[in-house]
Amino acid sequence: MWKDFREFAIKGNVIDMAIGVIIGAAFGKIVSSLLADVLMPPIGLLMGNVDFSSLFFSLNGQAYPSLAAAKAAGAPTLNYGVFLNTLLDFTIVAFVVFLVIKQINRLKRQAPAVAPATPTTKNCPFCFSNISLQASRCAHCTSELAAGQPAVAGR
């Protein structure tokens, strides 16, 4: 069993997947930073100096000046601002992954086509059996094929 697992891991599938996970995690951190440090501050400024990560609703009915104060008091809170940030984060990551996959699929479609193989057979003009291009006599009906006789297109 260890041999089978080692063979599977060495094939490249596991290594490719691990590299993808590592790059994906790094990309997720970049998007999170872009969202928290670049995009949300101007949006919060436009909405009246709102910091989305501090938007919350206290479930015990008491008012707290900030999310940190509510957490320090041990109050149960519904942190919808953090959820909005996470939702935007996911949307950006999903959109970028969509664009990358779309580009990869487009490149796959544009891959150069393999030239069609040259035919090695033809059809006998008498019995329409499949015969070699070099044949001078049909193996099926034994008709003699003249040198200049046109062959019927191969299958």
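Remarks
- Residue 8 passes every criterion in (1) modelled with pLDDT under 80; (2) part of a loop (DSSP other than H, G, I, E, B); (3) loosely packed, with under 12 Cβ neighbours inside 10 Å apart from (2).
- Which listed residue, of 39, 88, 35, is part of a helix (DSSP H, G or I), surrounded by 14 or more Cβ atoms within 10 Å (Cβ to Cβ) and under 22 Å from the mean Cα position of the chain (by Cα): 88
- Residue 51 satisfies every condition listed in (1) at pLDDT 80 or above; (2) surrounded by 10 or more Cβ atoms within 10 Å (Cβ to Cβ) except (1).
- Qualifying residue in the stretch 107-114 (condition: surrounded by 10 or more Cβ atoms within 10 Å (Cβ to Cβ) and not hydrophobic (A, V, I, L, M, F, W, C)): no
- Cβ pairs under 6 Å, 6+ apart, first in the stretch 61-87 and within 26 Å of residue 30 (Cβ to Cβ), second charged (D, E, K, R): none
- In the stretch 29-43, the residues that are within 17 Å of residue 55 (Cβ to Cβ) reach residues that are in a helix (DSSP H, G or I) with C-beta atoms within less than 6 angstrom, at least six apart or across chains, in these pairs: 35/88; 35/89; 40/52.
The values are calculated or read from the model by the stated rules, or taken from the named source; none is laboratory data. These numbers come from a predicted model, not from an experiment. Neighbour counts are summed over all protein chains in view; Cβ atoms, including those assigned to glycine, are modelled from backbone coordinates with ideal geometry.
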